[in-house]
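Right, one structure below, let's go through it.
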Number of protein chains: 2
Amino acid sequence: MGRDWAAVLDVDVEPADLREHVDLADFRGHEYELLPDQRHGVERGTVFLDGAVVRGYPSVSRTLVLDPGLTNYFEDRLIVEEKLDGSNVRVTRAPDEWAESVLALTRSGYVCPYATHLAAECEEMGDFLADRPDHVLCCELVGADTPYTDHDYPEVDGADLFVFDVRERASGEPLSVPERRRLCEGYGLRQVPAFGTYDSGAAVGAVRRAVADLDRRGREGVVLQSLSGRHQLKYTTSAIHRSDLAHAFSMPFDYGRQFVFSRLIREAFQTVEFEDDDEAARERARALGESILLPMVEAIRDVRAGEPVGESHEVRGDPEAIEDLLAHFRDQGIALSVERDERTDGDRVVAFTKVAERTRDKTEYYLAGGTRDE
Amino acid sequence: MGRDWAAVLDVDVEPADLREHVDLADFRGHEYELLPDQRHGVERGTVFLDGAVVRGYPSVSRTLVLDPGLTNYFEDRLIVEEKLDGSNVRVTRAPDEWAESVLALTRSGYVCPYATHLAAECEEMGDFLADRPDHVLCCELVGADTPYTDHDYPEVDGADLFVFDVRERASGEPLSVPERRRLCEGYGLRQVPAFGTYDSGAAVGAVRRAVADLDRRGREGVVLQSLSGRHQLKYTTSAIHRSDLAHAFSMPFDYGRQFVFSRLIREAFQTVEFEDDDEAARERARALGESILLPMVEAIRDVRAGEPVGESHEVRGDPEAIEDLLAHFRDQGIALSVERDERTDGDRVVAFTKVAERTRDKTEYYLAGGTRDE
C-alpha cells in the first residue's frame, strides 16, 4: 500500500497530509483503503479498491425555509424526489480478483456485508454495473430488517435498496436526473419516488404540499435537484425531526447533545413558515416535547432495570452475510447485546442491540447519586 | 500592576501562567484586576482590589436524583435553603481610597454598578461589613427590575439582595450555616428562606416536598448544605428547567445549544424519580416542548418583523448608577437597543434589550433562504 491518493484524485495537497487520514480495512481477506471523514476537499467515504477510486457521496445542503430557499438556490427548473429514511450506500462493481461481483459501501466508506449481500441478490444491479462498470449506484438502504435504521415503509418487504443517484465512480459526476430515471427504469431498478418537475417559482407550493403529505404519512422529506443533478437541496418533515429526536434521546448521552439543536431549529423555522395559527404551533411544541422526554425517561428506566439500552435491530438473511455483519460491527468497536439468534428456512435471524455504552455508564452514575460540577 | 497573584493566593503555578488570564477593569476611575474564568484551581471571578483578594464564589455540585444523591453526599445532618433565581453577587468593602463604601462583584468578578448602588443603599450591609471587613456577603440579586434576570418574586419590590452565604474574602472559607443565619438575622439582613435541618436519611422526603411546593409556585430550587457550610449540593424544579429553556430559546443561536441538553437531562431524571404515572410524564413532556419551541418561533417572527431580539429589562434607580450600568454593558461588548429612557421622581427608568446579535444574524440568514451544509 502507500499509493499517492492526492495525485489520483488530482487534489492540491501533500500526499502525506492526505495519507495520514486514510484507513485500511479488510473484507473477506481483501484489503482496501478509505477516507472515513472529509479531508482536504475529498469527500468522506472515498474508497480505493485495488487502484480504482470510488468517490464519497457529497454532503447535500439543507434549507430551513422553502420560500425563498428554493427560488434562491435554483435559477431554473428543478425536479423533486422523495428522501427516504434509511442509510446511504453506494453499490459498485467489485475488483476482478474478488469473489464478489458487487460491493455496497457505507457513507463512511466501509464495505457493508449486509447491503453487499442484498445488492448481489439484485440481478438488475449486476446487469447495470456490468454495462456501466465506471458508474456507482447511490442507494438508500431502507426497511425494518436492516441493521442501521428501522423505518418501516409499507412498500418494502424487510429490506430493499432504492436508487436516488447514479454517479461516475472516479469523478463523482452525476448523470442528469431524467437520464438516470430513464436508465434505472429500463433496467427495472427500484428508484425513489419522484414528485415532478417545476419552475423554481411554482415549486414552493408544490413542495409544500408534497412535504405536508409526506409528514402525514410519517415519511422523511424531499431532495430538490437541478435537472443536471449537480445542485441538490434537502428539506424534511416534522415527522422525521421528531423521529430523529426520539431516536437520539433513547440514547441521550450518546446522541442527544449532537442531534438536538439542529432538529429544534428545523422545526422552529418550519412552524414559522407552515403555521399561521398559535394552536397548531402549540400542538407541534407538545409533540416535540414528547419525542424528547419520553424516550429519555424510558432509557433511564431501562438502565435502572438492568436492561440493555441502545439501537435494537433484527436482521435476517444469508448466514454468512449475517456473520460478517456482526463481525463488522465488532471490528468498529460497537458492543452488541444479542437477544435472539436462530435459523429459519435456511436464513439466520439475529435480534441484537448496539449497546449505547456512554448512555448506560452515565445513567448508572447519575442514578447512583453521582454529581455534576456546574 | 503586575502583582504575583500565584503567591498571594498560595497556589502552585508559575506567576506568568496565572497572570495571562487576568483581566484589568476600571470602575469610576479606579483600576482593579480579576480572573473572569476559573484557572489553575483559582475560582472564576476572583478579584484583586488594591491588593486585597476577594475569592470567586465556588461552583456548586448538582445531583440529578435526590435518592440516593443526598444520602451519598452528606454523611451527617444537612440544612436546606431555597435557591433563588437571580444573579450571584458578592458584596465587599471597597478599598479606602475609593469613593464607594461597598462594591458588588458579579460572578465573573466585575463591579456591577447597579448592584453596588443597591448594596450601598442597604445600611445593614454597611454595618455588617464595617464590623467584619474581612468577610464578603454572597447574595442573590433578584427581582423584575434587575438588569440580569426577571423572575418576579412576590416578596420583592423591584429588586433586592438576599444573603445566601458569608465567606472570608481572602480564603473563601464560609461561616457555618447556623452562625451565618444568626448573624444576618442580628443585622437585619434579608436572607434566603430556610426549610429546616434534617438527618440525611430523612432529608429525601422533606426535600421532595419542598421541591414540589417550590415547583408549584414557579420557583427555582434548593441548596443543601452541611452545617459547616463547606459542602453544598443543588437541586432544581421543573419550573426553572422550563423557564431556563424558554429564556435560552428566545435567543436560540446565542444560548439554545449551550443550555438545552443539561436542562433536558435534569428534567428526565426528575421525571423518573418523581412520576410513577405515564400521563404525568406526558404532561411534563408537553410543557417542555412548549417552553422550547414557542419562544423560538416568537424570536424568528420578531426577526422577520424587524424587531430586536434578546433579553429585555427595565431598570430604575439612581441616574448615575443607571448610566454606569449601561456603560458597563457596552464595555463588555453587549449591543443595547434602548426602548425607553425617562426620569420619574428623581429616578431614571430605562427599558432596553441586550441584543442577541448571533440570533438576529443567523435567523436573518436562514429566513433569506441561506443553506446549511450537512
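The values are calculated or read from the model by the stated rules, or taken from the named source; none is laboratory data. Keep in mind that this is a model prediction, so the values were computed, not measured. As a convention, Cβ positions derive from the backbone with ideal geometry for all residues, glycine included, and neighbour counts pool all protein chains shown. Calculation scope for accessible area: heavy atoms of the full protein, side chains included, ligands and nucleic acids excluded. Shrake-Rupley method; radii C 1.70, N 1.55, O 1.52, S 1.80 Å.
Observations on the model:
- Aspartates and glutamates with Cα under 12 Å of residue B:354, excluding same-chain neighbours fewer than 8 positions away: B:254, B:311, B:314, B:339
- Taken over the alpha carbons of segment B:198-313 as equal point scatterers, the Debye sum produces base-10 log I(q)/I(0) values at 0.11, 0.19, 0.20 Å⁻¹ of -0.45, -1.03, -1.10.
- Selection among A:202, A:177, A:228 by position relative to the dipole of segment A:142-263 gives A:202 as farthest towards the positive end (Cβ unit charges, Cα centre).
- Mean per-residue shielding of peptide A:252-260 is 3, counting Cβ atoms of other chains within 10 Å of each Cβ.
- With a Förster radius of 60 Å applied to the beta-carbon distance between residue A:305 and residue A:228, the computed FRET efficiency rounds to 0.65.
- Over the protein assembly as shown: helical MRE at 222 nm, DSSP H runs n ≥ 4 each giving -39500 (n - 2.57), nearest 500: -11500 deg cm²/dmol
- Under a model in which nothing but the beta-carbon of Lys, Arg (+1) and Asp, Glu (-1) is charged, segment B:1-54 shows a dipole of about 160 debye around its Cα centre.
- Cα pair distances in segment B:182-230, grouped into 10 Å bins until the bin that holds the longest one, percent each: 20, 47, 31, 2
- Ordered from longest to shortest, the equivalent ellipsoid semi-axes for segment B:310-355 are 18, 12, 6 Å, each the square root of 5 times a Cα gyration tensor eigenvalue.
- For segment A:239-304, size of Cβ-based charge dipole, Lys and Arg +1, Asp and Glu -1, in debye: 440 debye
- Rotationally averaged projected area of segment A:124-203 (alpha carbon convex hull; nm²): 6.8 nm²
- Global form of the protein assembly as shown, assessed from the alpha-carbon gyration tensor, a/c cut-off 1.5: prolate
- Whether segment A:234-374 is rounded, prolate or oblate, judged on the alpha carbon gyration tensor where a/c under 1.5 counts as rounded: oblate
- At 7 Å out from Cα toward Cβ: residue A:304 inter-copy label distances (nm, ascending): 4.1
- Residue of chain B whose Cβ sits closest to the axis mapping B onto A, with distance in whole Å: B:289, 1
- Test item: A:276-284 mean partner chain Cβ contacts at 10 Å: 2
- When Rg and Dmax are taken over the Cα atoms of segment B:239-304, they come to 12.7, 43 Å.
- Within-11-Å neighbourhood charge of residue A:311 [Cβ basis; K, R +1; D, E -1]: -1
- Distances between equivalent label points of residue B:323 across the copies, with each point positioned 7 Å along Cα→Cβ, amount to 8.6 nm, shortest listed first.
- Cβ charges +1 (Lys, Arg) and -1 (Asp, Glu), total dipole of segment A:1-153, debye: 280 debye
- Each copy carries residue B:133; placing its label point 7 Å along the C-beta direction from Cα gives inter-copy distances of 9.2 nm, listed from smallest up.
- In this view, the solvent-accessible surface of residue A:259, computed with a 1.4 Å probe and all protein chains in place, comes to about 40 Å².
- log₁₀ of I(q)/I(0) at q = 0.08, 0.09, 0.13 Å⁻¹ - chain B, Debye sum with one point per alpha carbon: -0.45, -0.58, -1.22
- Placing dummy labels 7 Å off each Cα toward the beta-carbon, the span from residue B:275 to residue A:3 is 5.5 nm.
- Residue B:197 contributes about 60 Å² of solvent-accessible surface, heavy atoms of the protein only, 1.4 Å probe.
- Global form of segment A:1-65, assessed from the alpha-carbon gyration tensor, a/c cut-off 1.5: oblate
- Charge tally in the Cβ shell below 14 Å around residue B:336, where Lys, Arg are +1 and Asp, Glu are -1, residue B:336 excluded: -4
- Distance between modelled label sites at residue B:123 and residue A:185, nm, 7 Å Cα→Cβ extension: 9.2 nm
- Averaged over the residues of peptide B:296-304, the number of Cβ atoms from other protein chains lying within 10 Å of each residue's Cβ is 4.
- Extension reserve of the residue A:75-residue A:246 stretch, reckoned as 0.36 nm per residue once the Cα distance is removed: 57.9 nm
- Spin-label model distance (nm) - residue A:26 vs residue B:197, 7 Å beyond Cα toward Cβ: 6.8 nm
- Kirkwood Rh in Å, taken over all unlike Cα pairs in segment A:202-252: 12.1 Å
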